[in-house]
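A.B. asks: Have a look at the structure that comes next, please.
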Amino acid sequence: MPRRRPGSLRAAQRLRQGARWWDTPAPDRIHGLSARTSLAVHRHEALSADYFVFPGVTDHALRRYEAFLRPAGRGPRYPYGDDCGCRGCSLRDVRHARDVLGTVLRTLPPRERAELARTVAALDAEYRARTLPDPLADRRLRWWHRRLPGCPFTQSGRT
C-alpha cells in the first residue's frame with residue numbers, strides 16, 4: 001500500500017485548521033507609520049474581540065483625527081457626536097476616533113506603541129490648541145471628551 005507524502009499531509013491539516021492571521025496578505029501601510037508598526041496594528045485589529053476595533057479602523061481613525069484638525073484658519077473647532085451607534089459611523093465623532101486610537105495604543109508591543117504614540121501625541125497637541133475646554137464637563141471623562149461640543153448641524157461640511 002503506498003503511503004501519503006508528508007507535504008500532502010501538512011496541506012490537508014492546514015485546510016482543516018483554516019486560515020490564520022499570518023496567512024492573510026499584509027495590509028497597506030498606514031500613512032505616517034512604518035511597515036513594522038502597520039503590520040503590528042493589522043495583527044491587533046484582526047485578532048481583537050472589541051466591537052469597535054476591526055481591520056482598517058486605526059488608519060480610518062487617524063485620518064479622521066487629522067481631517068478634523070486640517071481646516072485652514074486658527075478658529076476653534078467643536079467636536080460633535082453622531083446619532084448612529086454602528087462601528088463605522090461612530091468614527092464621525094472625532095472623540096470616538098481618539099478612543100479607538102487609545103484602545104489600539106494600549107495593546108501594541110512597546111516599540112510599535114511608541115511610534116504610534118508619537119503620531120497621536122502630535123495630533124493631541126493640535127487638538128488641545130484648536131478646541132476649547134468645557135468647564136462643566138464631568139472630570140471622570142478623558143480629556144478629549146472634556147472639550148466644548150458643537151452641533152452637527154452648524155458644521156456644514158467642515159467636519
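A.B. asks: What residue, among those in segment 85-141 that are over 18 Å from Ala46 (Cα atoms) and of a type in the set (S, T, N, Q), is modelled with the highest pLDDT?
C.D. replies: Within segment 85-141, the match that is modelled with the highest pLDDT is Thr119.
A.B. asks: Test of understanding: among Ala137, Ala67, Ala129, Ala125, which residue is among the aliphatic types (A, V, I, L, M), in a helix (DSSP H, G or I) and surrounded by 12 or more Cβ atoms within 10 Å (Cβ to Cβ)?
C.D. replies: Within the list Ala137, Ala67, Ala129, Ala125, the selection yields Ala67.
A.B. asks: Let me ask another. For the structure I just gave you, tell me whether Asp28 is over 26 Å from Cys151 (Cβ atoms), in a helix (DSSP H, G or I) and open to solvent by 30 Å² or more (accessible area, probe 1.4 Å).
C.D. replies: In short, no.
A.B. asks: How many of the residues making up segment 132-142 are touching a residue at least 40 places away in the same chain (Cβ under 8 Å) and touching a Leu at 6+ places or on another chain (Cβ under 7 Å)?
C.D. replies: Here is the first cut: in segment 132-142, the residues touching a residue at least 40 places away in the same chain (Cβ under 8 Å) are 132, 142.
From the residues that got through so far, the ones that are touching a Leu at 6+ places or on another chain (Cβ under 7 Å) too are 132.
The qualifying residues number 1.
A.B. asks: Now a separate question. Being modelled with pLDDT under 90, assigned to a loop (DSSP other than H, G, I, E, B) and closer than 30 Å to Arg36 by Cβ is the requirement here; does Arg77 meet it?
C.D. replies: no
A.B. asks: Just to be sure before I move on: is Val53 touching a Leu at 6+ places or on another chain (Cβ under 8 Å), at pLDDT 90 or above and either open to solvent by less than 50 Å² (accessible area, probe 1.4 Å) or under 15 Å from Leu116 (Cβ atoms) (or both) in the structure I sent? Let's see the steps before the verdict.
C.D. replies: Numbers: touching a Leu at 6+ places or on another chain (Cβ under 8 Å): no; at pLDDT 90 or above: yes; either open to solvent by less than 50 Å² (accessible area, probe 1.4 Å) or under 15 Å from Leu116 (Cβ atoms) (or both): yes.
No; evaluated as a whole, the condition is false for this residue.
The values are calculated or read from the model by the stated rules, or taken from the named source; none is laboratory data. Keep in mind the model is a prediction, meaning the values are calculated, not measured. Virtual Cβ from ideal backbone geometry, glycine too; neighbours counted across all protein chains shown. In case anyone asks, the SASA skips ligands and DNA or RNA and just uses the protein heavy atoms, side chains included. Shrake-Rupley method; radii C 1.70, N 1.55, O 1.52, S 1.80 Å.
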